[in-house]
Amino acid sequence: MVENPAIDFRYDTYAFVGFNHLQEVEKLLFKRLEREGKAIFYQDTEELPPEELTYISAPTDSIQAHFVSQWLTPERIAAGRKTAIVLCDEKLLQTVIHCLPKEVEKVNVTTGYPLSQTAAATLVSQFFNLQINGYSLKTQSFRRHWLELMSRHPYAKMMPENYAATHYTDNNELLHTLLGIVRHVAKDPSPKDQLATESLFRVYTVLNRLTDLVDSGILKVDIITLQRLVTQVIQSTTIPFHGEPAEGIQIMGVLETRNLDFDHVLMLSCNEGNMPRGVSDTSFIPYSIRKAYGLTTVDHKVAIYEHYFHRLLQRAKDVTLVYNNATNDGQTGEMSRFMLQQMVEREKPILYRSLQAGQQTSLRRPKPIVKTDEVMAIMKEHFSKEKGGISPTAISAYLRCQLRFFYHYVGNLIEPDDNDEELVDNRTFGNIFHKAAQTLYEKLKALTGNHITSLVIDDYLKRTIEIEQAVDDAFRTELFQIKDPNRKMPNYDGLQLINREVIIKYIRLLLEADRKLTPFSILGLEKPVRMPFGDTVLRGYIDRLDQITDPETGEELVRVIDYKTGARKQKDLPDVAAIFDPTNVKEHSDYYLQAFLYSHIVRQEMSTPVSPLLLFIQYTGAENYEPTLKLGKEPVKDIANVSEEFMRLLTEKMSEIFSQDLAFSPTEDADRCKTCPYQMLCR
């Protein structure tokens with residue numbers, strides 16, 4: 001246009017106001033109009049810098065934002081639109097608005113609120129993640145982890161109930177469904193503030209535009225690219241604030257300060273990288289060629305920011321520049337180059353200050369929780385006979401940490417389970433083994449009528465297919481959560497195959513260990529047991545209850561067996577009292593508690609000796625392996641020999657748990673807190 005001599009300018013005079021650092025094409029146009037006598041230029045005159053210039057370093061962005069309330073003195077508040085808070089990093093906007101003192105009645109926010117920081121935007125993001133990352137092609141269902149994330153969203157209760165009923169592979173269907181969800185949330189009568197309402201409208205507008213493009217066939221991309229497009233558009237969208245520009249304190253970004261004069265200026269996050277911002281050259285044209293041909297370069301962008309910076313300084317009475325001096329989280333902690341320039345060139349003194357957190361690091365000590373009447377009522381209800389009573393697991397949790405017991409069983413704060421359904425963690429590994437062992441021994445029982453012989457076990461050890469089938473069935477129910485027997489099981493991935501082989505090996509080790517004991521009888525598998533105990537009942541499940549001929553005495557012996565698939569060996573406890581000593585939890589005293597309790601319950605119904613066992617499968621093949629629990633060096637061949645002392649100590653511990661006079665106290669072992677899901681609540 002500039003090089004076209006045939007252009008006929010419509011007006012006689014053009015007034016240019018507010019132009020500062022001109023590009024080459026602008027210079028050519030202005031010169032042409034000036035030669036033709038049609039141009040009037042209004043330029044900013046350089047004036048003396050402010051009397052007061054203060055540099056303030058701060059360790060965090062949050063502390064910078066909180067400094068606003070201290071900086072806004074009555075004089076600056078009264079100055080109204082002559083007072084400006086300039087955000088070099090506009091992500092501080094939300095915090096700054098919340099930090100305005102109550103004396104500020106009028107404020108004008110010129111920069112928009114980022115749409116990406118609203119709940120409406122995260123709703124869209126989580127829905128895309130649910131569809132892309134949260135769906136398992138193997139199980140043909142959504143993964144629990146992603147469903148739980150969606151269910152914890154602030155708008156989850158406002159969403160339609162069937163929002164996760166379908167997996168969408170078609171962009172058209174996905175976008176229309178998402179539009180319907182946003183529309184459903186927006187129409188919900190639940191109270192929403194004006195920002196939430198506006199953000200839902202903006203998100204709906206963005207999605208509606210993309211839906212039109214997809215419907216018309218113009219936009220043809222895969223779902224991952226579509227997600228990126230939606231994310232980019234949302235990140236570049238802001239929600240405008242409504243206000244009166246001529247009144248109140250001005251909160252603005254750097255670019256909004258153009259051609260405006262203020263008496264009092266506070267500039268936040270004035271760091272290198274924020275001021276100047278966006279100085280990276282993303283052009284495919286090399287810098288040297290751009291420079292040679294007069295095209296816009298990085299230098300031009302820097303010069304524009306430099307101009308805005310100096311304009312604010314030369315017109316204001318006082319200027320305060322705050323920067324983040326932290327060197328963590330990817331920040332360099334450098335003040336802006338323009339601040340350094342002032343330190344060199346400015347003749348008047350600069351006042352240097354620093355902001356401190358005003359807090360000292362102190363070790364938080366967990367506090368005991370008093371058993372109020374309400375707490376006692378909850379406990380009696382939770383552990384009542386009608387609710388199923390109390391398990392050894394709950395008692396062991398109390399021994400580990402009384403606060404953890406309170407949070408889980410009284411506060412009903414369920415411990416998070418973020419494990420992927422397709423990941424075989426330690427707990428799932430144990431469940432699969434238990435289920436496979438139960439399935440296999442149920443078949444053995446059906447064949448022999450509870451009486452297990454060496455011939456039957458030899459036959460199963462040869463028929464590998466039976467063992468593999470039992471393990472596969474356990475994977476189906478325990479890992480893939482497939483209840484329909486007609487539904488095809490997905491293919492194993494690499495780690496699942498390895499775990500499958502290990503469990504098959506463990507089953508074979510169990511069979512080989514049992515072969516040495518044949519013949520024996522199986523009295524129960526996953527056998528439920530319960531015993532009345534005051535106002536509650538003690539209950540649980542025995543992995544296996546069998547009866548063998550004791551190889552040492554030749555007498556009949558009933559064994560209460562608890563399978564363990566862990567690698568850690570069981571350590572012997574010195575006496576019964578050690579089972580209830582909280583300091584012995586690391587020694588698996590909780591295993592003793594469970595095995596002893598179940599054995600005691602069984603022994604009350606039998607005249608035959610009952611022995612508690614922990615069968616660590618890894619070590620069953622070792623020579624002279626003895627799974628019977630010991631006190632000191634003596635195996636407990638009959639629980640009746642220690643039942644009296646065990647029940648006395650158990651009664652004392654139960655009385656302690658249900659005593660209103662004793663508060664729930666924290667554990668003294670800080671190592672237990674490292675893996676506790678409730679550590680943020682008390683420590």
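The values are calculated or read from the model by the stated rules, or taken from the named source; none is laboratory data. What you see is a predicted model, and the numbers here were worked out from it, not measured in a lab. Note that we place each Cβ from the backbone using ideal geometry, even for glycine, and neighbour counts take in every protein chain shown. With ligands, DNA and RNA removed, areas are computed over all heavy atoms of the protein, side chains included. Shrake-Rupley method; radii C 1.70, N 1.55, O 1.52, S 1.80 Å.
Before we move on, is residue 601 part of a helix (DSSP H, G or I), touching a helix residue (DSSP H, G or I) at 6+ places or on another chain (Cβ under 6 Å) and of a type in the set (A, V, I, L, M, F, W, C)? Judged against the criteria, residue 601 is not a match. When restricted to residues that are among the β-branched types (Val, Ile, Thr), more than 44 Å from the chain's Cα centre (by Cα) and crowded, with 18+ Cβ neighbours inside 10 Å, the stretch 549-577 contains 1.
For the stretch 171-194, a tally of residues being open to solvent by 60 Å² or more (accessible area, probe 1.4 Å) and either among the small types (Gly, Ala, Ser) or touching a residue at least 60 places away in the same chain (Cβ under 8 Å) (or both) returns 0.
Suppose the filter is modelled with pLDDT of 90 or more, surrounded by fewer than 18 Cβ atoms within 10 Å (Cβ to Cβ) and not small (Gly, Ala, Ser); does residue 249 pass it? Judged against the criteria, residue 249 is not a match. Looking only at the stretch 209-229, count every residue that is in a helix (DSSP H, G or I) and open to solvent by 60 Å² or more (accessible area, probe 1.4 Å) and tell me the total. So the count comes out to 6.
What about residue 541, is it in a strand (DSSP E or B), aromatic (Phe, Trp, Tyr) and buried (at least 18 other Cβ atoms within 10 Å of the Cβ)? So residue 541 does not fit the description; no. List the residue pairs whose Cβ atoms are under 7 Å apart, where the first residue sits in the stretch 562-584 and is among the aromatic types (Phe, Trp, Tyr), the second is at pLDDT 90 or above and assigned to a helix (DSSP H, G or I), and the two are 6 or more positions apart or on different chains. Listed pairs, sorted by first residue: 563/433; 563/434; 563/437; 563/617; 580/399; 580/649; 580/653. Just one of the listed residues (468, 442) is touching a Leu at 6+ places or on another chain (Cβ under 8 Å), of a type in the set (Asp, Glu) and assigned to a helix (DSSP H, G or I), namely 442.
Against the criterion of being out of contact with any Gly (no Cβ under 7 Å at 6 or more places or on another chain), among the polar types (S, T, N, Q) and either within 16 Å of residue 434 (Cα to Cα) or in a strand (DSSP E or B) (or both), residue 477 qualifies. Among the residues of the stretch 464-511 satisfying the criterion of being among the polar types (S, T, N, Q) and closer than 30 Å to residue 623 by Cα, which is surrounded by the fewest Cβ atoms within 10 Å (Cβ to Cβ)? Filtering the stretch 464-511 for residues that are among the polar types (S, T, N, Q) and closer than 30 Å to residue 623 by Cα, the one surrounded by the fewest Cβ atoms within 10 Å (Cβ to Cβ) comes out as 464. Checked against the criterion of being at pLDDT below 80 and among the basic types (Lys, Arg), the candidates 463, 487, 500, 476 yield just one match: 487.
So which of 584, 624 is part of a helix (DSSP H, G or I) and of a type outside the set (D, E, K, R)?
Only one candidate qualifies: 584.
Of the residues in the stretch 99-115, at least one is within 30 Å of residue 166 (Cα to Cα) and not β-branched (Val, Ile, Thr). The criterion of being open to solvent by 30 Å² or more (accessible area, probe 1.4 Å) and in contact with a strand residue (DSSP E or B) (Cβ under 9 Å, 6 or more places away or on another chain) does not hold for residue 313.
Taking residue 12, is it surrounded by 17 or more Cβ atoms within 10 Å (Cβ to Cβ) and not aliphatic (A, V, I, L, M)?
no
I'd like to know if the stretch 512-527 contains one or more residues that are part of a strand (DSSP E or B), without any contact (Cβ under 8 Å) to a residue 60 or more places away in the chain, surrounded by fewer than 18 Cβ atoms within 10 Å (Cβ to Cβ) and over 37 Å from the mean Cα position of the chain (by Cα). Yes; the residues of the stretch 512-527 include at least one that is part of a strand (DSSP E or B), without any contact (Cβ under 8 Å) to a residue 60 or more places away in the chain, surrounded by fewer than 18 Cβ atoms within 10 Å (Cβ to Cβ) and over 37 Å from the mean Cα position of the chain (by Cα). Return a yes/no flag: does the stretch 139-147 have any residue that is open to solvent by 20 Å² or more (accessible area, probe 1.4 Å), in a helix (DSSP H, G or I) and modelled with pLDDT of 90 or more. Checked the stretch 139-147: no residue is open to solvent by 20 Å² or more (accessible area, probe 1.4 Å), in a helix (DSSP H, G or I) and modelled with pLDDT of 90 or more.
Can you tell me which condition residue 344 does not meet? The list is (1) under 18 Å from residue 262 (Cβ atoms); (2) open to solvent by 70 Å² or more (accessible area, probe 1.4 Å), and all the others hold. Of everything listed in (1) under 18 Å from residue 262 (Cβ atoms); (2) open to solvent by 70 Å² or more (accessible area, probe 1.4 Å), residue 344 misses just condition (1).
For the stretch 230-246, the set of residues classified as open to solvent by less than 80 Å² (accessible area, probe 1.4 Å) and not in a helix (DSSP H, G or I) consists of 237, 238, 239, 240, 241, 243, 246, listed by residue number. In the stretch 643-657, the residues that are acidic (Asp, Glu) reach residues that are open to solvent by 10 Å² or more (accessible area, probe 1.4 Å) with C-beta atoms within less than 9 angstrom, at least six apart or across chains, in these pairs: 645/575; 645/577; 652/580; 656/662.
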